[in-house]
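First the structure, in the form of structure tokens, and then the observations on it.
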Amino acid sequence: QVQLVESGGGLVQAGGSLRLSCAASGRTFNTYPAGWFRQAPGKEREFVAGFNWNGGTTFTNSVKGRFTISRDNAKNTLYLQMNSLKPEDTAVYYCRASRARIGFTDGDYWGQGTQVTVSS
């Protein structure tokens, strides 16, 4: 079983930065798709950033140019570097690891979520 443990969330002022970490056990991030999702109060969970199986990355439009996704294969850890944070980035952020090489599917592995709050 793959288990994901997240850290790095917190409170930050607008314009500041945070780095989220997601440490995985049971499987590496580098061979399967993985990424980050977020859910704001009263809204649906949405995709933020992710790695394809071949290392390519994808970002939702609202974070392009501000967020970067990376991974340390030796440590089996996924990261989300968030810069120039805005109040609308406030949400619970979740790490996701695919169970299939093709991409995200039902039954994927999820972290517990970490709260990111950006103040004005």
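The values are calculated or read from the model by the stated rules, or taken from the named source; none is laboratory data. This is a predicted model, so every value here is computed, not measured. Positions of Cβ are generated from backbone atoms using ideal geometry, with glycine treated the same way; all protein chains shown enter the neighbour counts. SASA here: full protein model, heavy atoms, side chains in, ligands and nucleic acids out. Shrake-Rupley method; radii C 1.70, N 1.55, O 1.52, S 1.80 Å.
Structure notes:
- Rounded FRET efficiency, nearest 0.05, which uses the C-beta distance separating THR68 from LYS43 and R0 of 25 Å: 0.60
- Rolling a 1.4 Å probe across the protein heavy atoms gives the chain an accessible surface of 52 Å² per residue.
- 13 Å beta-carbon shell around ALA14, net charge (K/R +1, D/E -1): 0
- Full extension of the chain between THR60 and GLN112 gives 16.6 nm of extra length, using 0.36 nm per residue less the Cα-Cα distance.
- Sulfur and carbon atoms: percent of accessible area, the chain [1.4 Å]: 47
- Set of lysines near LYS43 by C-alpha distance (under 23 Å), chain-local residues within fewer than 8 positions excluded: LYS64, LYS86
- Computed over the chain: relative contact order in percent, which uses C-alpha pairs under 8 Å that are six or more apart: 36
- Pairwise FRET efficiency - ASN83 versus THR105, Cβ, R0 = 25 Å, nearest 0.05: 0.25
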